[in-house]
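First the structure, in the form of structure tokens, and then the observations on it.
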Amino acid sequence: MGIRTWIDSWPTYRQLSGDDPLGRGAAAKSRRSDTLKPRVATADKVVKSICPYCAVGCGQNVYVQDDKVTQIEGDPDSPVSRGRLCPKGSASLQLTTGNAREHRVLYRKPYGTQWESLDLDTAMDMIADRVVKARREGWQWEADGVRTRRTMGIASLGGATLDNEENYLIKKLFTAMGAVQIENQARV
């Protein structure tokens, strides 16, 4: 390879000497990058979603191939994030495909040092029993001579990525149980 051919292969030289002074097109491509295909090119479908990590609610494009999530990227159509994701949002593919993801209920007894696997029905029964017990033990018929009919044994902190309808139903559920300490991450 001659010196001229070698210099012509430099992207910076091509950028400054060619028709692409901003380096947004062919000037920025190498021989290798010119042959690369996007990871999402083989996806069967794209599902619009919202990042589950914080109160911002950044839009995500979830790429699915053979009923499996293959890639998650920022949604350029989202008015909230305009295609951008923070480091946690960019790593959210691990929520669905990571090898550290648990697909079973794990329980650690009070003062225990080991986790044990439970079936879902047992875990749900344990949760229901504890909610009923906390409500009963924290119930107040009145406080300072004023009728309250509430429980101070239950509180709710909702996730910020829940939609309005989900937050409405959660608020109704906890209010019906007598809880007054109901908050949402979006307001914290």
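At a glance:
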item	result
Pairwise label distance in nanometres, ASN99 with ASP66, each label 7 Å out on the Cα-Cβ vector	1.9 nm
Least to most buried among LYS37, LYS68 (fewest other Cβ within 10 Å first)	LYS37, LYS68
Exposure proxy order (Cβ contacts within 10 Å, fewest to most) of VAL132, VAL105	VAL132, VAL105
Sparse-neighbour loop sites [chymotrypsin sites (Phe, Trp or Tyr not before Pro); region 86-122; at most 15 other C-beta within 10 Å; DSSP]	TYR111, TRP115
Within region 85-116: backbone nitrogen closer than 12 Å to the SER49 label point (7 Å, Cα to C-beta)	89-98
Relative counts (whole %) of C-alpha pair distances in region 45-97, using bins that are 10 Å wide	29, 57, 14, 0
Mean projection area, nm², convex hull over Cα of region 105-187	7.6 nm²
Loop-located GluC sites (Glu not before Pro) in region 77-176 whose Cβ has at most 12 other Cβ within 10 Å (DSSP)	GLU102
Percent RCO, i.e. relative contact order, over the chain, from Cα pairs under 8 Å lying at least 6 residues apart	13 percent
Amide H contacts of GLY74 (H built 1.01 Å from N, under 5 Å, at least 5 apart or other chain)	ASN61
Amide H contacts under 5 Å for ILE50, placed H, 5+ residues apart	GLN60
Kirkwood Rh, Cα atoms: Rg over Rh of the chain	1.21
Sparse-neighbourhood loop sites, trypsin sites (Lys or Arg not before Pro) in region 105-188 - DSSP loop, at most 10 other Cβ within 10 angstrom	ARG108
Distance (nanometres) between label positions extended 7 Å along Cα→Cβ at VAL80 and GLN114	4.2 nm
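No lab work stands behind these numbers, since they all come straight from the coordinates. All values reported here derive from a predicted model rather than from experimental measurement. Positions of Cβ are backbone-derived with ideal geometry, glycine not excepted, and every protein chain shown enters the neighbour counts.
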